[in-house]
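The values are calculated or read from the model by the stated rules, or taken from the named source; none is laboratory data. Please read these numbers as outputs of a predicted model, since none were measured by experiment. All Cβ positions, glycine included, derive from the backbone under ideal geometry; neighbour counts span all protein chains shown. When the accessible area is computed, the model is the full protein with side chains, heavy atoms only, and any ligands, DNA or RNA have been set aside. Shrake-Rupley method; radii C 1.70, N 1.55, O 1.52, S 1.80 Å.
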Amino acid sequence: MFQRVSIYKIEVYTVENFDASHPAGSDISDLIECRYISYYDYIQSGYKKEDKDVGQYIDMTEYWGIEGAKMLKDELTKINNRNTKLIAPTLVLKFKKEPENKGKFQFNLVFHLEEKEIKDSIEYEF
């Protein structure tokens with residue numbers, strides 16, 4: 001049986017120097033916003049329907065028409081097991097600040113779950 005697990009914490013580490021405050025190897029989670037879809041409030045409200053604005057669902061428009069799917073956004077450092085209950089499998093990470101120098105950057109992501117960590121690497125070009 002598949003068991004849904006909440007995310008306790010997400011960390012993003014830069015491989016290269018990002019800016020003066022975030023040299024190579026630094027956690028840059030404070031520079032990132034996380035957007036995600038949650039069904040938790042909908043279920044907790046007794047399935048009360050809410051009006052939704054399609055403009056809020058940038059990068060996740062496929063969820064706009066799904067009853068109960070609510071787009072939420074938080075600073076990455078505020079993501080925890082309480083606000084990731086009953087979320088959709090899609091997360092969008094948005095940089096609130098660009099690096100001092102443009103180009104391709106490598107990042108290491110760490111997702112902390114209840115009993116394990118999931119690590120991955122991504123590349124992003126600014």
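Counting residues in the stretch 40-97 as N, plug N into 2.2 N^0.38 Å and put the Cα Rg over that result.
1.18
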Carbon/sulfur fraction of accessible area - the chain, other protein chains in place, 1.4 Å, % | 48 percent
Leaving out ligands and nucleic acids, note down the accessible area per residue over the chain with a 1.4 angstrom probe, in whole Å².
-> 65 Å²
For residue 19 paired with residue 47, estimate the spin-label separation in nm (one decimal), with each label point 7 Å from Cα along the Cα-to-Cβ line.
-> 4.6 nm
With the convex hull built on the Cα atoms of the stretch 11-126, state its orientation-averaged projected area in nm².
-> 8.0 nm²
Surrounding charge for residue 126, neighbours by C-beta under 15 angstrom, Lys/Arg +1, Asp/Glu -1, total -1
If the limit is 31 Å between Cα atoms, which of 48/97; 48/73; 49/97 go over it?
-> 48/97; 49/97
Paramagnetic reach from residue 110 (point 7 Å along Cα→Cβ, amide N under 13 Å) across the stretch 16-37 | 25-29
